[in-house]
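K.L.:
Structure incoming, see below.
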Amino acid sequence: MALSIKMDIDAVEDVTCLDPELLQLPDVSPFALKASPQLVEDLFSQWLSLPGTGHLVKSLIDDAKSGTIVNASTNFSTLNAVGSHSLPSMFPSSNAPPLSPRSSSGSPRTSRQKSSPSALGSPLKLVSEPMQESIPQFYFQNGCPPTKELKEQCLSQISHLFNNPLNGLQIDEFKAVTKEVCKLPSFLSSALFRKIDVDWTGIVTRDAFVKYWVDGNMLTMDIATQIFEILKRPGCKYLTQVDFKPVLRELLATHPGLEFLRNTPEFQDRYAETVIYRIFYHINRSGNGRLTLRELKRGSLVAAMQHADEEEDINKVLRYFSYEHFYVIYCKFWELDTDHDFFIDRENLIRYGNHALTYRIVDRIFSQAPRKFTSEVEGKMGYEDFVYFMLSEEDKSSQPSLEYWFKCIDLDGNGVLTPNEMQFFYEEQLHRMECMAQEPVLFEDILCQIIDMIAPEREYCITLQDLKRCKLSGNVFNILFNLNKFVAFESRDPFLIRQEREEPTLTEWDRFAHREYIRLSMEEDVEDASNGSAEVWDESLEAPF
């Protein structure tokens, strides 16, 4: 009998080559079975020696040969009942391992996808395939398209504003679209109009505006990106100073706070240039004259534009657009430019701030160490160069200023200020103190004071990052090359300290420009009074801050 069973089993392809995982033994780990192939062979041989196994295998083989449908469920349950009393004692009687599933041929090495587990009554667990999670699209090359509700709302506003016989708007009628539909500052109206009216027809139709603003997905962009896309030239990925000129022209033409400049085109140009220089000084951190979208988003220009559009008094817009700030910068430049050729040389600049600066720092400025001059005249700085210098000198707490003066003091350009470099500049300060009969402060004491103030990571090696971490770092440069501010820092004027506490939002530049504007206004009024053209200065004329 055993020989007959063996012969029938041999007719099946390699039936003893068994996958251990198919045994599904609850009391034995599959890994243990795989690690002990002899154990698998012993278990399978033991199973074959059971009384009912031979009959079952033979009947399954006969059914498979004759094409009869295999009733595996009945046979397996019968075998389980038999095998539960016959397995070795290493398995509890109530936890006999499930039978290995068989295909119609009886071989576990033939295709394992003959019947579903439910049809065979197999105890193997059905492994469900992982569900594919649908991730919504989050990147759109041309911007995220607007939602249906937002698009319908926008189209309704557009239809209302473009409802005229021409089905379009001229440039002087386009401001309402810029404000109400685009939610942009009104002085961007001309730039937006020209961006759409590429053929210079003088009219922007409803369809052209919808194509640019709605279909172009400008509607869903943030305001900084919208302004960037409107101002930049085709094919460019940055903004230059020229791109801001149309915006400043419209601001000068429409803002009520600048109406008094309409009859003085020369000062209009100077005001526009100064605003643009200030914008690039603070926002263009790379200093290459190419303002990127990243820089625009990180800066405060967008908020300043919105403030200028809402505020009738332009002098209250302290960031970039204040006329009083322009007035202070331009008058300072005009005072130093004695021959009025619109250039400043070394001797002119040394007179700045009542000879506050040392010759050595002025020489470093004219060596173009902190910034390459835009002036093409050798040995002279132009108006833009002076704006950068003045903003850096009067507000040493700003990051552009710290970078400007750091490059001046860093003689070898290695990114570290050493005691030798600082002593080189302080020597002239010490000499000036002696000439003015002031008690000199030795450099060793000054160095200890600077180190205590900055607390650099490496002692006696001050980096730019060390300076940026300290709120008092601007005083280091005053100590080294500006005697007037050094003395003021040592005296600690209580009035200035109280003023800073009362107005913490104002920067050093804001306070300086306010004081200088009052002084310049008083001088101008006194001069006019001496000529019989005006009354003596009245406090009511003081700039409102």
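K.L.:
Determine, yes or no, whether LEU252 is touching a helix residue (DSSP H, G or I) at 6+ places or on another chain (Cβ under 6 Å), outside the structural domain of HIS160 (by the TED database), under 25 Å from GLU312 (Cα atoms) and without any contact (Cβ under 8 Å) to a residue 24 or more places away in the chain.
P.N.:
yes
Yes/no matrix, rows are residues, columns are (1) outside any loop (DSSP other than H, G, I, E, B); (2) surrounded by fewer than 20 Cβ atoms within 10 Å (Cβ to Cβ); (3) assigned by the TED database to the domain that holds ARG511:
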site	(1), (2), (3)
GLU312	no, yes, no
GLU335	yes, yes, yes
ILE365	yes, no, yes
THR374	no, yes, yes
LYS407	yes, yes, yes
ASP412	no, yes, yes
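K.L.:
Among the residues of the stretch 190-245, count how many are surrounded by fewer than 16 Cβ atoms within 10 Å (Cβ to Cβ), among the hydrophobic types (A, V, I, L, M, F, W, C) and within 23 Å of ARG278 (Cβ to Cβ).
P.N.:
Going through the stretch 190-245 one residue at a time, the tally reaches 2.
K.L.:
Looking at the stretch 381-396, is at least one residue among the hydrophobic types (A, V, I, L, M, F, W, C) and over 33 Å from the mean Cα position of the chain (by Cα)?
P.N.:
We begin by selecting, within the stretch 381-396, every residue among the hydrophobic types (A, V, I, L, M, F, W, C); these are 381, 386-387, 389-391.
Filter once more, so that each one left must be over 33 Å from the mean Cα position of the chain (by Cα): 381.
Yes, the stretch 381-396 contains at least one residue that is among the hydrophobic types (A, V, I, L, M, F, W, C) and over 33 Å from the mean Cα position of the chain (by Cα).
K.L.:
Another one. Any idea which of ASP395, ASP339 is in contact with a helix residue (DSSP H, G or I) (Cβ under 7 Å, 6 or more places away or on another chain) and either without any contact (Cβ under 8 Å) to a residue 40 or more places away in the chain or assigned by the TED database to the domain that holds ASP445 (or both)? Spell out the reasoning first.
P.N.:
Working: ASP339 fails: in contact with a helix residue (DSSP H, G or I) (Cβ under 7 Å, 6 or more places away or on another chain).
Exactly one residue qualifies, and that residue is ASP395.
K.L.:
Here is a check on your reading of the model: is GLU259 of a type outside the set (A, V, I, L, M, F, W, C) and more than 21 Å from ASP313 (Cβ to Cβ)?
P.N.:
On the way: of a type outside the set (A, V, I, L, M, F, W, C): yes; more than 21 Å from ASP313 (Cβ to Cβ): no.
When the stated conditions are applied, GLU259 does not pass them.
The values are calculated or read from the model by the stated rules, or taken from the named source; none is laboratory data. Note that the coordinates shown come from a computational prediction; the quantities given were computed from them, not determined experimentally. FYI the Cβ positions are ideal-geometry reconstructions off the backbone, even for glycines, and counts take in every protein chain you see.
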